[in-house]
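Student: Shown below is the structure under consideration.
Readers should treat all values here as calculations from the given coordinates under stated rules, not as data from a laboratory. As the structure is a computational prediction, the values presented were derived from the model and not from experiment. Backbone-built Cβ (ideal geometry, glycine too); neighbour counts: all protein chains shown.
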Amino acid sequence: MTNEKTEQEWRELLTADAYRVLREKGTERPFSGELLDELRPGDYHCKGCDAWLFSSNTKFDAGCGWPSFYAQAAAGNVIYQADHSHGMQRTEIICKQCGGHLGHVFSDGPEPTGQRYCVNSIALIFKPKA
Ligand SMILES: [Zn+2]
């Protein structure tokens, strides 16, 4: 990783809520995130390290309460890890550059990928296209 920080540095960089999601794999409450209804064209970056993770042109309304995308912006920027917590078999999605927890990916998304990247708003920074 190119962006290694100590947990103390992360605590100083992130708000308490963002720290809980990105560094402690927390989940924001559904329908609470400020990017859920964001419809403007633009790019979604990692709040931890500013890596480019998602684009508005793959964002869709999954009705699940979290921002959802059917693809990542650039292959490999988001990495996958099996997550067996809470008695479920899920695939966690992680920012490759900083290791921050983003959310989970499910295989019930729309075409063309069939994937649903379910991402915590608070893990992202939205940059509208000028
Ligand atoms: Zn990151």
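Student: May I ask you to list the residues in region 27-51 that are among the acidic types (Asp, Glu) and more than 16 Å from the ligand (Cβ to nearest atom)? Spell out how you get there, then give the answer.
Tutor: First, pick out the residues of region 27-51 that are among the acidic types (Asp, Glu): 28, 34, 37-38, 43, 50.
Across region 27-51, the qualifying residues are Glu28, Glu34, Asp37, Glu38.
Student: Output the number of residues of region 27-76 satisfying the condition of being touching a residue at least 40 places away in the same chain (Cβ under 8 Å) and either part of a loop (DSSP other than H, G, I, E, B) or of a type in the set (D, E, K, R) (or both).
Tutor: Looking only at that region, the number is 23.
Student: Across region 3-26, what is the number of residues that are among the hydrophobic types (A, V, I, L, M, F, W, C) and either more than 14 Å from the ligand (Cβ to nearest atom) or over 21 Å from Ser85 (Cβ atoms) (or both)? Outline the logic, then answer.
Tutor: The initial filter retains those residues of region 3-26 that are among the hydrophobic types (A, V, I, L, M, F, W, C), namely 10, 13-14, 16, 18, 21-22.
Imposing the further condition that a residue be either more than 14 Å from the ligand (Cβ to nearest atom) or over 21 Å from Ser85 (Cβ atoms) (or both) reduces the set to 13-14, 16.
The qualifying residues number 3.
Student: Of all residues in region 1-26 being outside any loop (DSSP other than H, G, I, E, B) and under 16 Å from the mean Cα position of the chain (by Cα), which is farthest from Pro128 (Cα to Cα)? Break it down stepwise before answering.
Tutor: Applying the first criterion (outside any loop (DSSP other than H, G, I, E, B)) to region 1-26 yields 7-13, 16-22.
Then keep just the ones that are under 16 Å from the mean Cα position of the chain (by Cα); that gives 17-22.
Numbers: Asp17: 23, Ala18: 21, Tyr19: 24, Arg20: 26, Val21: 23, Leu22: 22 Å.
Checked region 1-26; the qualifying residue farthest from Pro128 (Cα to Cα) is Arg20.
Student: Now for a different question. Among Cys49, Cys118, Cys64, Cys98, which is surrounded by 14 or more Cβ atoms within 10 Å (Cβ to Cβ) and touching a helix residue (DSSP H, G or I) at 6+ places or on another chain (Cβ under 9 Å)?
Tutor: Working: Cys49 fails: touching a helix residue (DSSP H, G or I) at 6+ places or on another chain (Cβ under 9 Å); Cys118 fails: touching a helix residue (DSSP H, G or I) at 6+ places or on another chain (Cβ under 9 Å); Cys64 fails: touching a helix residue (DSSP H, G or I) at 6+ places or on another chain (Cβ under 9 Å).
The match here is Cys98.
Student: If you don't mind, another one. Just wondering, is there one or more residues in region 101-109 that are over 29 Å from Thr6 (Cβ atoms), in contact (Cβ under 8 Å) with a residue 24 or more places away in the chain and of a type outside the set (Val, Ile, Thr)? Please lay out each step first, then the result.
Tutor: Within region 101-109, the first condition is being over 29 Å from Thr6 (Cβ atoms), and the residues that meet it are 106-109.
Those still in the list that are in contact (Cβ under 8 Å) with a residue 24 or more places away in the chain too: 109.
The next check asks that each one be of a type outside the set (Val, Ile, Thr); those that pass are 109.
For region 101-109, residues over 29 Å from Thr6 (Cβ atoms), in contact (Cβ under 8 Å) with a residue 24 or more places away in the chain and of a type outside the set (Val, Ile, Thr): present.
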